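One structure below.
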Amino acid sequence: MSRTVVRGGLVITAAEEMHADVLIEGGRIVAVASSGTQEWTADRVIDATGKYVIPGGVDVHTHIEMPFGGTVSSDTFESATRAAAWGGTTSIIDFAIQSVGQSLREGLDLWHAKADAQCAIDYGFHMILSDVNASTLREMDALVGEGVTSFKLFTAYPGVFYSDDGQILRAMQRAADNGGLIMMHAENGIAIDVLVRQALERGETEPRHHGEVRRALLEAEATHRTIQLARVAGAPLYVVHVAAQEAVAELTAARDLGLPVFGETCPQYLYLSTDNLAEPDFEGAKYVCSTPLRPREHQAALWRALRTDDLQVVSTDHCPFCFAGQKELGRDDFSKIPNGLPGVENRMDLLHQAVVDGHLTRRRWIEIACATPARMFGLYGKKGTIAPGADADVVVYDPTAEQVLSAATHHMNVDYSAYEGKRVTGRVETVLSRGELVIDQRKFTGRAGHGQYMPRATCQYLH
Ligand SMILES: [Zn+2]
C-alpha cells in the first residue's frame, strides 16, 4: 500500500491549527503528528513548509450540464471537476433534476449517466423535486435510504421548478419522517413574474432589470414563509444562495428561536453587486443569476452572518453559461438570459482572500468551505477535515502566492470570469484526492473517472 507524508505545513481544520505532518496510506489519513516528531517512511514526501495543509473543499451547490432556458450549462462533469480540483475542491454535490411528469428515479439515473466515469473528484447528488405528488413523496424515502438525503424545492420559476405552499408542506412533512433535508430556493416567483412582465412592457430589457424585479423583499418573504412551513412540518430547512440582508434577518430570527434552520451564501453575493449587473454593452448579463446580486450594502450583513454562524456554508451555485451564444440569448429581454455564474474553481481562493481582508479567521474559512458543508450533507468524517480515518483529500495551499483571476487562465469551460482581473493572495499548490495526486505543484495529474460517487448519510447536525 503506498504511503505519503505531507510534511512541515500548518494543518488547519475547523477546530484547530497545528504545525504537523500528515501520514496517508491506502487513500486515507492514518495519522497526524506534530511536525518532526515521527520518523515515518513513505513512498512520497510532499514538503509543505511555509504552506497551509487544509482539507479539500466541499462545494455542495453545483449545476453541471444543466438544461435551463433552452440551453445547457457549459461545463461537463469532466471539465467542472477538473476545474474544481485546480481550485482546491475535492468534493461536489450537484443537483439531479426531476422534471415534471418524471419520477425521481428517472432524474437521478439521468444525472448518473452524465457524471459516472467522468469526474476527477468525488461527487454526490441532491434531488430537485419539480413535481411533488403521492408517488414522488414515496420515492423520497427510497432515495434517503440509498444516500440521496437532500431535496431541493423552489418557490421561484413557476411552471418549471415551482412548488406551491401545499406541495412544500407535504415534502417537508415527508422529510421530517424520513430524515431528509429540504433545501429551498426562496424567492416569490409568482410575484416576480408579474414584475418581469411589467418591466418588459415598460421597455426595460437590460440585464440590470433582472436584479430590480427580483426584489430583496420577495426573497425575504419566501424565506420567512418557508421557515414557518418547516416549523409547521417539524422539519429542518436549508436555504440556498441567501443574498439579501432582509433574508439573513429571517434566518437569524429563526435561529434565535432555536429552530433547525440553516443558510448558505455564495462568493458572488460577497464580492459582486448590482454595479456589475449595470455594466454597459450587455456585459451585465455575465452576472445574471437567481437569487440576483444585491446592492453592495447587503455584503456587510452576509459577512457578519458568516462570522456569527447565522449563515453556515459558502457554496458556489456554479452554473456557467458562455457569454457568446448563451448569455446573448437575452440580449433583447433580460428574462431570457440563462441564470447562473461560473465559480467552482474560485471559491477556496476568494474565501482565503476574505481571511486576508479580515472578514474571516482561517479556521472559519475551513469551517464554511469544508467542514460544515460536509456535516450538513452527511459526509463529515470522510470529508471536510484532516484527521485519522478521513479520506486523504488534502490541499497544500500557498498563502502568500499572488494570482489574478481571469478567463485566460481558469479551467472552467466558460468564456468569461465573473472576477476578471481580481487580484487575490493565496493559491492552491498541490491537491490529493483519496491519496492520489490530482494537482501536483500546479500541474493537473488527475483523470476523469478517478472521482467516486458518494452516497451520503443524513444531515449530521440533526442527530
Ligand atoms: Zn442553484
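Go through the stretch 275-291 residue by residue and tally those that are surrounded by fewer than 19 Cβ atoms within 10 Å (Cβ to Cβ) and not in a loop (DSSP other than H, G, I, E, B). I'd like the intermediate steps shown before the answer.
As a first pass, look at the stretch 275-291 and keep what is surrounded by fewer than 19 Cβ atoms within 10 Å (Cβ to Cβ): 275, 278-283.
If we keep only those that are not in a loop (DSSP other than H, G, I, E, B) as well, we get 275, 283.
Selection size over the stretch 275-291: 2.
Residue pairs whose Cβ atoms lie under 9 Å apart, separated by 6 or more positions or on different chains, with the first residue in the stretch 221-244 and over 21 Å from ARG294 (Cβ atoms) and the second more than 16 Å from the ligand (Cβ to nearest atom) and of a type in the set (S, T, N, Q), are VAL232/GLN173; ALA233/GLN173; GLY234/GLN173; ALA235/GLN173. Within the stretch 249-274, the only residue that satisfies the criterion of being more than 18 Å from the chain's Cα centre (by Cα), under 17 Å from ARG214 (Cα atoms) and either outside any loop (DSSP other than H, G, I, E, B) or hydrophobic (A, V, I, L, M, F, W, C) (or both) is THR274.
For the stretch 444-458, enumerate the residues that are part of a loop (DSSP other than H, G, I, E, B) and not basic (Lys, Arg). Listed by number, the residues that qualify are THR445, GLY446, ALA448, GLY449, HIS450, GLY451, GLN452, MET454, PRO455, ALA457, THR458.
Only one of the numbered conditions (1) within 16 Å of the ligand (Cβ to nearest atom); (2) of a type in the set (Asp, Glu); (3) in a loop (DSSP other than H, G, I, E, B) is violated by GLU219, and that is (3). Checking each residue in the stretch 245-260 for being surrounded by fewer than 24 Cβ atoms within 10 Å (Cβ to Cβ) and without any contact (Cβ under 8 Å) to a residue 60 or more places away in the chain picks out GLN245, GLU246, ALA249, THR252, ALA253, ALA254, ARG255, ASP256, LEU257, GLY258, LEU259.
Scanning the stretch 145-167 for residues that are more than 23 Å from the chain's Cα centre (by Cα) and under 14 Å from SER130 (Cβ atoms) gives PRO158, GLY159, ASP164, GLN167. Of everything in the stretch 313-344 that is more than 16 Å from MET412 (Cβ to Cβ), within 16 Å of the ligand (Cβ to nearest atom) and in contact (Cβ under 8 Å) with a residue 60 or more places away in the chain, the residue that is surrounded by the most Cβ atoms within 10 Å (Cβ to Cβ) is VAL313.
Looking at the stretch 288-310 only, could you name the residues that are of a type in the set (A, V, I, L, M, F, W, C) and within 16 Å of the ligand (Cβ to nearest atom)?
Going residue by residue through the stretch 288-310, those that are of a type in the set (A, V, I, L, M, F, W, C) are 288-289, 293, 300-303, 305-306.
Selection gives VAL288, CYS289, LEU293.
Being over 30 Å from GLU436 (Cβ atoms), in contact (Cβ under 8 Å) with a residue 24 or more places away in the chain, crowded, with 21+ Cβ neighbours inside 10 Å and more than 24 Å from the chain's Cα centre (by Cα): is that true of ARG170 here? For ARG170, the condition - over 30 Å from GLU436 (Cβ atoms), in contact (Cβ under 8 Å) with a residue 24 or more places away in the chain, crowded, with 21+ Cβ neighbours inside 10 Å and more than 24 Å from the chain's Cα centre (by Cα) - is not met. Could you check LEU270 against (1) within 24 Å of PHE95 (Cα to Cα); (2) surrounded by 24 or more Cβ atoms within 10 Å (Cβ to Cβ); (3) of a type in the set (A, V, I, L, M, F, W, C) and say which number it fails? Just one mismatch for LEU270, condition (2). The residues in the stretch 394-425 that are within 20 Å of SER91 (Cβ to Cβ) and more than 19 Å from the chain's Cα centre (by Cα) can be counted, and the count is 2. Where helices (runs of 4 or more DSSP H) sit wholly within the stretch 292-387, those with at least 3 residues that are over 17 Å from the mean Cα position of the chain (by Cα) and on the phi < 0 side of the Ramachandran plot occupy 299-308, 347-357. Being touching a helix residue (DSSP H, G or I) at 6+ places or on another chain (Cβ under 9 Å), farther than 30 Å from VAL261 by Cβ and surrounded by fewer than 19 Cβ atoms within 10 Å (Cβ to Cβ) holds for only one residue in THR425, THR400, and it is THR425. Residue pairs whose Cβ atoms lie under 8 Å apart, separated by 6 or more positions or on different chains, with the first residue in the stretch 50-68 and among the hydroxyl-bearing types (Ser, Thr, Tyr) and the second part of a strand (DSSP E or B) and within 14 Å of the ligand (Cβ to nearest atom), are THR62/ILE92; THR62/ILE93; THR62/ASP94; THR62/PHE95; THR62/HIS318.
Computed from the coordinates by the stated procedures, all read-outs in this text should not be read as laboratory data. Not measured: the values here are computed from a predicted model. Note: ideal-geometry Cβ built from the backbone for every residue, glycine included; neighbour counts use all protein chains shown.
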